[in-house]
Amino acid sequence: MRYLIVSIVMLCLWVAPALATMEMAVQGGLTPPPIPEVDAKTMLKGKVMETMTSAGYTYINLQMEKEAKWVAIPETKVTVGETMEFQPGIEMGSHYSKTLKRTFPNIIFSGGINGPPPKEDKEVTVRKQAAHTSIGLDTTKGDGGSSLAANIKVSKASGENAFTVEEVITKRASLANKRVVVRGKIVKVSKGVMGTNWYHLRDGSGDAAKKSNNLVATGRTEMMLGDTVTANGTIHTDKDFGSGYFYEVIMEETAFTP
């Protein structure tokens, strides 16, 4: 039961775009509906007919008792012909995978296998790390950055909900679940990870030693390394995406404009 509860929480974090309606309710001051209790009847159990892995996901064509359904889980090694049980998930309808160049009808995003998580083999771990590898202006290890990134100076955006990078990080508790606007330069890029693009923004504010000079923002807008952008997104705190990727503060569902 403990593994199931943890996985359900991870599922909510992992498919944040699918929960946009709930997050809008939070922003409007409304109380979101509670997560329903889960029992064995809602588990996704069946025979693996087909499987493929791409961009941190494993897609499984699962032949259940009455029908076959596609299930997507965080990258996990599965075997065709094996009978497996997965946690209940969120049905997304039609989903197009850019990396696989394929449309999956009525796919379900699940937190993973029901029960203790399987031990990752070295190949899976390497692929997960590669998926999070960023290209960027930084040439030094950590968040210190090269002189190119360190010399950035971008003017603060205008408006009541406008903040600098440092202000967002230091005021994250009061800004949680609120939409804010930040103007900065993209110094790192990871595209197509967990269905979205990951950008590291800096505006010259903050202190690298205090980890207050770099804001991670995710969104589907296609921007380029080195672009100076205005980012409008929702601030979330203490987000754990698994595999060691934990963010004290992150901007999500972000729209980027030059």
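FYI, it's all coordinate maths here, none of it is from the lab. Computed from a predicted model, the values in this text were never measured in an experiment. Virtual Cβ from ideal backbone geometry, glycine too; neighbours counted across all protein chains shown.
Structure summary
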quantity	calculated
Candidates per GluC sites (Glu not before Pro) in segment 45-91, loop by DSSP, up to 12 other Cβ within 10 Å	Glu65, Glu67, Glu82
Sparse-neighbourhood loop sites, GluC sites (Glu not before Pro) in segment 157-258 - DSSP loop, at most 12 other Cβ within 10 angstrom	Glu160, Glu222
Listed residue pairs exceeding 26 Å between alpha carbons, taken from Lys185/Lys210; Lys98/Lys188; Lys188/Lys211; Lys98/Lys210; Lys178/Lys239	Lys98/Lys210
Charge dipole (debye, nearest 20) of segment 143-258; +1 at Cβ of Lys and Arg, -1 at Cβ of Asp and Glu	160
Distance in nm between pseudo-label sites at Arg220 and Glu82 (7 Å out along the Cβ direction from Cα)	3.1
Within segment 153-199, trypsin sites (Lys or Arg not before Pro) in DSSP loop having at most 10 other beta-carbon neighbours inside 10 Å	Lys153
From the C-alpha gyration tensor of segment 189-228, square roots of 5λ in Å	22, 11, 6
